[in-house]
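Report on the structure given below.
The values are calculated or read from the model by the stated rules, or taken from the named source; none is laboratory data. Being a predicted model, the structure only gives us computed values, none of them experimental. Note that each Cβ is placed from the backbone with ideal geometry, even for glycine, and that neighbours are counted across all protein chains shown. Each accessible area value is taken on the protein alone, full model and side chains, heavy atoms only, with ligands, DNA and RNA left out. Shrake-Rupley method; radii C 1.70, N 1.55, O 1.52, S 1.80 Å.
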Amino acid sequence: MKKTQLTNLLEQTGLFEPEQIEELLGAIAESSADFTETVVEKADVREDEFLEKLGAAMDLPYRRLKELEVSEELLARVPPKAVFQYNIMPVDEEAGVLQIATANPFQPGLIDAMRLATGGRIKLVLSPAADIEAAAKRLYGVGAETLDRLMQDDDRIDLDAEVDLSKQDLSELDQEASVVKFVNQIIWEAHQNRSTDIHIEPMETDLRIRYRIDGVLHPTPLPPHLKRFQSAIISRIKVMANMDIAEKRLPQDGRISLRIQGEEIDVRVSTMPTVYGESVSLRLLLRGSGMLGMEKLGLNPEDEKILKRMIVRPHGILLCTGPTGSGKSTSLYAWLHTINSVDKRIMSAEDPIEYEMAGVNQVQMKPDIGLSFAHVLRTFLRQDPDVIMVGEIRDRETAEISIRAALTGHLVFSTLHTNDSAGSINRLLDMGIEPFLVASSVEGIVAQRLIRRLCPACRKAIEIDETKREFLRGEGFPVEALKTQAIYEPVGCDECRGNGFKGRTGIYEILAVDDHIRPLIIARASASEIKREALKHGLHTLRDDGWKKVLAGVTTVEEVLRVTEEDEEETLS
């Protein structure tokens, strides 16, 4: 487009001063980025506002695509390759004219390419690039253009010949190879969505891929016919994880190291044979993301003070409890990070080492060669440590050595899989540890859960009416103290990708083993008796902490109930 025409269009938007237009024209001429991207970046204007004004100047419709629904016939008319290459989206058809959404109406050859691909007339519609990208992934599926290429190459690619694909050296693999690219896209998409896990699950007529985001599984929109490429996709992941691709009868474990946008990511891979093929789970660990300070764990000020006093004690055991995926390892790393200094010798036994931590001597367990927690702990005691971290107390031997370490002047951090703080004491007794040893060695127990944070950009305040009050009262929340305070509920926006939640935080229950609790341990009191006594002396339960976060607008009542319901019911029984 000629300079004068561009000048007129920019003037008609009414968003720019004359001298600003001159600068923009120069930037557009020099930039390799597209027209809209350059204007938005250089002029610091909102993309949606600019496109709406530009559409009015060019007599083109402007449309948001959040709730866009398109028929299968219309989607089939535009090849996935064109959709993802040009970042466009078919939105409608009127009187034989196909409407194509784009964020850049000046893409060279766009209209001609679309006419050729669809065999009909084209009309452009302006939409934000993020809307188009999200709609394309939702309606075509992640990696649709790659699958389209695979379908075209079907005659040349033997999809069951995964052995041939895997025998190539990884460094020599063509990064544009379709299967390689598809797997990369799946991992990239998971990383962009802040996913912690990817589950690839074979079904009878389909291959399902789900992401775990903020602790909840979300299905991923995928192109049809993906089942045909199941063997090649799973083989590619096995190659990346240095696993035996010929072994499909037994479970396998592997590891992949990746770099995404400069960030180092470890991917733990696990395969499991199922009736319809191998199921693959990938756990994404961002190196360094576990190095949270205590202030970022979500502790309330009172609990943070109590915990900081516990983690600087010269000896004793501090336990962190909760189910799998409740953030126990992250808490242990935060405690170590807080006390890590040059005058302390810190040693940790982990399985696996999730995050590398400078200044800490970390040891990876290898049970197949006899390197177990118990074996490593015995060696630690001859290494003059000040602080010992044990990834998990799984058996009596590990528990006994941990207690011996605590009683001989070492501070020990570890985890247990129990529902609440008081239950950990009974778990140690059930392992065969004498009550007087538990009472004299355990200094504190922290039970925790992870709850999803409400997206601050779209959360909505709701008044607590009488129906809501009755519900909350029935669930044990102290609503009587409330006057007109509102609570919040999720909505969903671009910031949180429509989920209404963004990120997670912890809720905590900290049991200090003091002179009120020790006699009960020695008397082998039940977990409920220990908890009742602790509640008399100021223990705040998981649900209490969750309620505080509800009132602070951090999360929802339903979210607190989701992670604490079972625990509370057991406590009351």
Practice problem: Would you please give the residues with an amide H less than 5 Å from that of residue 123, counting only those at least 5 places away or on a separate chain, with H modeled from the backbone geometry? | Solution: 98, 99, 100
Quiz item: About its Cα centre, what dipole magnitude does the stretch 242-341 give when the only charges are +1 on Lys and Arg Cβ and -1 on Asp and Glu Cβ, stated in debye to the nearest 20?
Solution: 220 debye
Practice problem: Check the straight Cα-Cα distances from residue 366 and name the lysines below 27 Å, setting aside those fewer than 8 residues away within the same chain. | Solution: 238, 248, 328, 344
Quiz item: Which one of 499, 325, 417 is farthest out on the positive end of the charge dipole of the chain, using unit charges on Cβ (Lys, Arg +1; Asp, Glu -1) and the Cα centre as origin?
Solution: 417
Quiz item: Would you list 515, 544 from the most to the least accessible area, probe 1.4 Å?
Solution: 515, 544
Quiz item: Taking a probe of 1.4 Å, how large is the accessible area per residue of the stretch 405-564, in Å²?
Solution: 42 Å²
Quiz item: Just how large is the dipole of the stretch 344-406 about the Cα centre, in debye to the nearest 20, putting +1 at every Lys and Arg Cβ and -1 at every Asp and Glu Cβ?
Solution: 280 debye
Quiz item: Under a plain spin-label model, where a point goes 7 Å from the Cα along Cα-to-Cβ, how far apart in nm are residue 270 and residue 315?
Solution: 3.7 nm
Quiz item: Short version: ³J(HN,Hα) in whole Hz for each residue of the stretch 416-429, in order, from phi by Karplus 6.51 cos²θ - 1.76 cosθ + 1.60 (θ = phi - 60°), x for Gly and Pro, what are they?
Solution: 9, 9, 9, 6, 9, 5, 5, x, 5, 5, 4, 5, 5, 5
Quiz item: For a paramagnetic label modelled at 7 Å from the Cα of residue 434 toward its Cβ, which residues of the stretch 378-411 fall within the zone defined by backbone nitrogen distances under 14 Å?
Solution: 400-401, 403-404, 407
Quiz item: Which pairs break 18 Å Cα to Cα here: 66/137; 66/181; 81/137; 137/181?
Solution: 66/181
Exercise. Determine the dipole magnitude for the chain: charges of +1 sit on the beta-carbon of Lys and Arg, -1 on that of Asp and Glu, nothing else is charged, the reference point is the Cα centre, and the result goes in debye to the nearest 20.
Key: 1160 debye
Quiz prompt | Accessible area of the stretch 317-390 belonging to carbon and sulfur atoms, whole % at 1.4 Å probe | solution = 49 percent
Quiz item: In nm, to one decimal, how far is the modelled label at residue 67 from the one at residue 371, with both set 7 Å along Cα→Cβ?
Solution: 5.8 nm
Quiz item: Stretched out fully, how many nm does the piece from residue 242 to residue 493 gain, at 0.36 nm a residue minus the Cα gap?
Solution: 86.4 nm
Quiz item: Can you give the accessible area per residue of the stretch 69-150, in Å², using a 1.4 Å probe?
Solution: 42 Å²
Practice problem: Round to the nearest 10 and report in Å² the accessible area of residue 341, as given by a 1.4 Å probe over the protein chains' heavy atoms. | Solution: 50 Å²
Quiz item: Does anyone have the angle between helix 47-58 and the longest principal axis of the chain? Alpha-carbon axes, 0 to 90°, nearest 10?
Solution: 10 degrees
Quiz prompt | Apportionment of accessible area to carbon and sulfur, the stretch 15-105, percent (1.4 Å) | solution = 43 percent
Exercise. Measure off, as a whole percent, the carbon and sulfur share of the 1.4 Å-probe accessible area of the stretch 423-566, all protein chains present.
Key: 50 percent
Quiz item: Picking from 135, 364, 523, whose Cα lies most toward the positive end of the charge dipole for the chain (charges on Cβ: Lys, Arg +1; Asp, Glu -1)?
Solution: 523
Self-check item: Between 0 and 90°, nearest 10: helix 542-551 axis offset from the chain longest Cα axis
Solution: 40 degrees
Quiz item: For the stretch 448-461, what does the Karplus curve 6.51 cos²θ - 1.76 cosθ + 1.60, with θ = phi - 60°, yield as ³J(HN,Hα) per residue in whole Hz, taken in order and with x for Gly and Pro?
Solution: 8, 9, 9, 10, 6, 7, 5, 5, x, 6, 9, 4, 10, 6
Quiz item: Around residue 516, which amide H atoms from residues at least 5 apart in sequence, or from another chain, sit under 5 Å from its own amide H, with H modelled in the peptide plane?
Solution: none
Quiz prompt | the chain: calculated mean residue ellipticity at 222 nm from DSSP helix runs of at least 4, using -39500 (n - 2.57) | solution = -11500 deg cm²/dmol
Self-check item: Phi to ³J(HN,Hα) by Karplus 6.51 cos²θ - 1.76 cosθ + 1.60 over the stretch 257-273, Hz, x for Gly, Pro
Solution: 10, 10, 10, 10, 6, x, 9, 7, 10, 9, 10, 8, 10, 9, 10, 9, x
Practice problem: Would you kindly enumerate the cysteines in the chain that have no other Cys beta-carbon under 4.7 Å from their beta-carbon? | Solution: 320
Practice problem: Considering only protein heavy atoms, with the full assembly of protein chains and a 1.4 angstrom probe, order 35, 471 by accessible area, largest first. | Solution: 471, 35
Self-check item: Contact order relative to length of the stretch 1-111, as percent, for alpha carbon pairs under 8 angstrom and 6 or more apart
Solution: 20 percent
Quiz item: Where does helix 230-240 land angle-wise versus the long Cα axis of the chain, in degrees 0 to 90, nearest 10?
Solution: 60 degrees
